[in-house]
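Notes follow once the structure below has been shown.
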Amino acid sequence: MNEVIRQLAARRSVRAFEDRDIPGEVRAAILEAAAQAPTAGNQQLYTILDVTDPQLKARLAETCDHQPFIAQAPMVLIFLADVCKWLDAYREAGCEPRAPGAGDVMLAASDAAIAAQNAVTAAWSLGVGSCYIGDVMERCEEHREMLNLPPHVFPAAMLVLGYPTEQQARRPKPERFNMADIVCENVYRRKDGAALRRMFAGRCALRGYDAWMDAFCRRKYNSDFSREMTRSVEAYLRDYGLVRAEDGGEDGRPGARADSSAPGAPGVPERGPEA
Ligand SMILES: Cc1cc2nc3c(=O)[nH]c(=O)nc-3n(C[C@H](O)[C@H](O)[C@H](O)COP(=O)(O)O)c2cc1C
């Protein structure tokens, strides 16, 4: 195994940091590594916010689902999917850019996430740990105001970085699914119930599949933060005309729509053979 692959396997999220700064040259190397990531059409459809203001960090620790370690991180980066700057650049030249849409925001979000992951990998190679904070996608209205975000700028990823505490350095990395469960040859194969139960066997060993899955679904998927994330991202997507203002849940609550991906829903095939 070479050093790059060894480090990718060794990296894990770090949520507690030593009380020491990251030197300027190390911060610069992490940011430069982000900028060297592959990027669609070499456009760098992102802007990176280097959050240095302790008060802003403290506020983000609250608005990003009350995660206090955000405020304690020596380095906080927000990767904005930035379609706005290219629209502005086109207009500056007198072009008449078409209205941006779904493809544009997906491309910019991909660009932002790929740049963020380069930063994660570079940081780890320099002894700096990191953790993504997905909750930065929540609270659209508040984050727009706090971070001065214009239309067509969406916070796709946030990273907190710092030197891991001794305890964090020793923490085992959570296990991944078996490769056979995450790779399909050529075409997608939907897993049936037996295959799903096999896939999760390692994770559910103690509580059993049904109980473990029920608890996970309550905590992660049907949770308040997850519903808020969906509501908030839909608010950002209104810039692209992708979500009509009157679209709420069926009963008016965000995220309360019927599951249109369920087997039997229009256009969704029943589960096929497992493998
Ligand atoms: C998009 C994304 C969002 C995440 N959001 C959070 C978060 O808000 N809080 C947190 O503690 N960890 C967050 N994580 C870290 C994951 O929990 C972590 O990557 C996962 O449990 C696997 O562990 P590992 O990174 O140590 O391998 C996030 C990771 C990703 C990729």
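Where a number appears in this text, it was derived from the coordinates with a stated rule and is not lab data. Please read all numbers here as calculations on a predicted model, not as lab measurements. Counting neighbours? That spans all protein chains shown, and the Cβs are built from the backbone with ideal geometry, glycine included.
As a proxy for reagent exposure, V187, V243, V233 were ordered by neighbouring Cβ count within 10 angstrom, fewest first; the result is V187, V243, V233.
The alpha-carbon positions of the chain define a convex hull whose volume is 188 Å³ per residue. Given R0 = 30 Å, the distance between the Cβ atoms of L56 and A89 translates into a calculated FRET efficiency of 0.65. The lysine pair count for the chain, using Cα distances under 28 Å and pairs eight or more places apart or on different chains, is 6.
Considering only the Cα atoms of region 1-95, their convex hull presents on average a projected area of 9.1 nm². From least to most packed, judged by other beta carbons within 10 angstrom and beginning with the fewest, H143, H152, H66 follow the order H66, H152, H143.
Here is what passes the span test in the chain: the DSSP H helices with alpha carbon length of 30 Å or more along the helix axis and a Kyte-Doolittle mean of -1.0 or above are 102-125. Restricting region 136-227 to GluC sites (Glu not before Pro) that sit in a DSSP loop and have at most 12 other Cβ atoms within 10 Å of their own Cβ leaves E175, E185.
Shape class of region 96-160 from the alpha-carbon gyration tensor: oblate, with a/c at 1.5 or above and b/c at least as large as a/b. The relative contact order of the chain, computed from alpha carbon pairs under 8 Å that lie at least 6 residues apart in sequence, is 22 percent. By the beta-carbon count within 10 Å of each Cβ, the least crowded to most crowded order of M137, M158, M106, M199, fewest first, is M106, M199, M137, M158.
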